[in-house]
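FYI, it's all coordinate maths here, none of it is from the lab. From a predicted model like this one, the values you see are computed outputs, not experimental measurements. With ideal geometry, Cβ positions are generated from the backbone for all residues, glycine too; neighbour counts draw on all protein chains shown.
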Amino acid sequence: MKNYKDKAVETAEFLRARIKKLPQIGLITGTGLGQSTEFLNIYAAFDYKDIPHFPTSTVESHVGRLLFGDMDGKQIIAMQGRFHLYEGYSELEVSFPIRVMQELGVKVLTLTNAAGGLNPEFNAGDIMIINDHINLTGANPLIGPNEDSWGIRFPDMINAYDKRLSVLAEKAGKHAGIHLRKGTYVGLKGPSLETPAEVRFLRTIGADAVAFSTIQEVITAVHAGVKVLGLSTITNVHDPDTPVPATFEQIIGVAEQASPRLEMIIRDVVGKI
């Protein structure tokens, strides 16, 4: 039976044999944000179900395709849809694509997600640059024996989100006339949405946005020595004093409307890497 490392290597070899050039930059899109990959000149696409050892997306709006393309001479691997702990996947399965990207030589990773706003100054449709995160998932993809060829046993998370990439994103926003927010992202396991009491708690500990993804992938990327840019689309803003139910359809709708602006940011940043 193949171990985790062997599976990642085998998957990378499968893809390497079918693409023109090795990717330099990775992109992961979240709920309702799959169309933010449309700026790519795509030359290869694979359904997750056709890739050895790859999990499959079970969430509506997560297309479940792995794309290879280029933009301005940069080679990019893009995931249309990701995996979550609440789907029943383990932290290793959720972060498996990052290990495959690492084996393919990716050095920069941009992650996007759809998140609920906790900062009362935020508005639905805002895009937030993630400066830091709080892991409340109860999971960590580095638990267990360390694979020394992938990274050190105790990676420092003080600069999990690359400051230079964040500055590039902020400048891209100004250039496009988009006011970007900045803040701390908190990751929960899900899939139930937050109670008013939980919203108050999350605000108290300094979180500006909350969702159910990103954390496992970022920890893995940091362990792999990959520089990370995180972008959250704020789909709704929680008010614990006058709570309003949030439907999945509404969340997808807001994310889809924000997707073109998110694409502008990503294109600008990729062009300057």
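Along the axis of the charge dipole computed for the chain (Cβ charges of +1 for Lys and Arg, -1 for Asp and Glu, origin at the Cα centre), the listed residues Ile134, Ser57, His175 are led at the positive end by His175.
In summary, the convex hull built on the alpha carbon positions of the stretch 4-272 has an orientation-averaged projected area of 13.0 nm².
Can you say what percent of the DSSP beta bridges in the chain, counting only those with both residues inside, are antiparallel? Round to 5. In the chain, DSSP labels about 40 percent of beta bridges as antiparallel.
As a rough guide to protection, the peptides 93-104, 116-127 ranked by mean Cβ packing within 10 Å, highest first, stand as 93-104, 116-127.
Equivalent ellipsoid semi-axes for the stretch 138-273, as square roots of 5 times the alpha carbon gyration tensor eigenvalues: give them largest first, rounded to whole Å.
27, 23, 13
For the stretch 205-273, what does the alpha-carbon gyration tensor say about shape, rounded, prolate or oblate, given a ≥ b ≥ c as the root eigenvalues, a/c under 1.5 as rounded, and a/b over b/c as prolate? Oblate shape, in that a/c is at least 1.5 and b/c is the bigger or equal ratio. A helix-only calculation puts the chain at -10000 deg cm²/dmol for mean residue ellipticity at 222 nm, using -39500 (n - 2.57) for each DSSP H run of at least four residues, averaged over all residues. Dipole magnitude for the chain: computed about the Cα centre from +1 point charges on Lys and Arg Cβ and -1 point charges on Asp and Glu Cβ, it is near 840 debye. The residue among Asn146, Gly190, Asn123 whose Cα reaches farthest toward the positive pole of the charge dipole of the stretch 119-231, with charges on the beta-carbon of Lys, Arg, Asp and Glu, is Asn123.
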